[in-house]
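Peer 1: Sharing a structure below in structure tokens format, with a few things to ask.
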Amino acid sequence: QVHLVESGGGLVQLGESLRLSCAASGNIFSFYAVGWYRQAPGKQRELVTTITSSGGTSYAASVKGRFTISRDTAKNTVYLQMNSLKPEDTAVYYCATLNSGGLGYYWGQGTQVTVSS
């Protein structure tokens, strides 16, 4: 069983930054791709960014150039650096390991990010 715990969410102003962390229960990020998802109230869950087991990354158009995913395999942690935050980035952010089909498999509990204008 894989356990993921997100942290780092909070309330920030327009244009500010936050760094989210996703800590795993073991050394899994060398083997699993990981995605950061977000879900805003009344909206479907959205895949924001992914990082593969070999370190390749991808981003949704809405966050490209502002968000950066990275990992520290020694700390069993994946990070999401979010810069130039906008009110539309307000959501609960989840990390998840991805299965071979690119879908979330093991999920964290989520962390709230709120951006005020």
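The values are calculated or read from the model by the stated rules, or taken from the named source; none is laboratory data. These numbers were taken from a predicted model, which means no experiment stands behind them. Quick reminder, even Gly has a Cβ in these numbers, built from the backbone with ideal geometry, and neighbours come from all protein chains shown. Ligands, DNA and RNA are stripped out before the accessible areas are found, and what is left, the full protein with its side chains, is counted by its heavy atoms. Shrake-Rupley method; radii C 1.70, N 1.55, O 1.52, S 1.80 Å.
Peer 1: List the trypsin sites (Lys or Arg not before Pro) within segment 1-62 that fall in a DSSP loop (any state other than H, G, I, E or B) and whose Cβ has at most 16 other Cβ atoms within 10 Å.
Peer 2: Within segment 1-62, the qualifying trypsin sites (Lys or Arg not before Pro) (loop, at most 16 other Cβ atoms within 10 Å) are K43, R45.
Peer 1: So if I place +1 on the C-beta of Lys and Arg and -1 on the C-beta of Asp and Glu, and nothing else carries charge, what would the dipole magnitude of the chain be about its Cα centre? I want it in debye, nearest 20.
Peer 2: With only Lys, Arg, Asp and Glu charged at Cβ, the dipole is about 100 debye.
Peer 1: Is any residue of segment 42-80 close enough, with backbone N under 12 Å, to a label point placed 7 angstrom from the Cα of N27 along the Cα-Cβ axis, and if so, which?
Peer 2: Inside the label zone: 73-76.
Peer 1: May I pose another question? Any idea how far apart S84 and K43 come out in nm if each label point goes 7 Å out from Cα toward Cβ?
Peer 2: Using points 7 Å along Cα→Cβ, the separation is 1.7 nm.
Peer 1: Charges on Cβ only, +1 for Lys and Arg, -1 for Asp and Glu, centred on the Cα centroid of segment 17-87; of A24, G65, S53, which one is farthest towards the dipole's positive end?
Peer 2: The one lying farthest along the dipole's positive direction is G65.
Peer 1: In whole percent, how big is the carbon plus sulfur part of the accessible area of segment 1-90, probe 1.4 Å, protein atoms only?
Peer 2: Looking at segment 1-90 in its full context, I get 49 percent from C and S.
Peer 1: On average, how much accessible surface per residue is there in segment 12-94, in Å², for a 1.4 Å probe, leaving out ligands, DNA and RNA?
Peer 2: Spelled out: the 1.4 Å probe surface of segment 12-94, per residue, equals 50 Å².
Peer 1: Count neighbours as other Cβ atoms within 10 Å of each site's Cβ, and list the chymotrypsin sites (Phe, Trp or Tyr not before Pro) in segment 10-67 that are DSSP loop with at most 12 such neighbours.
Peer 2: F31
Peer 1: Round to a whole angstrom and tell me the spacing of the C-alpha centers of segment 74-107 and segment 33-63.
Peer 2: 6
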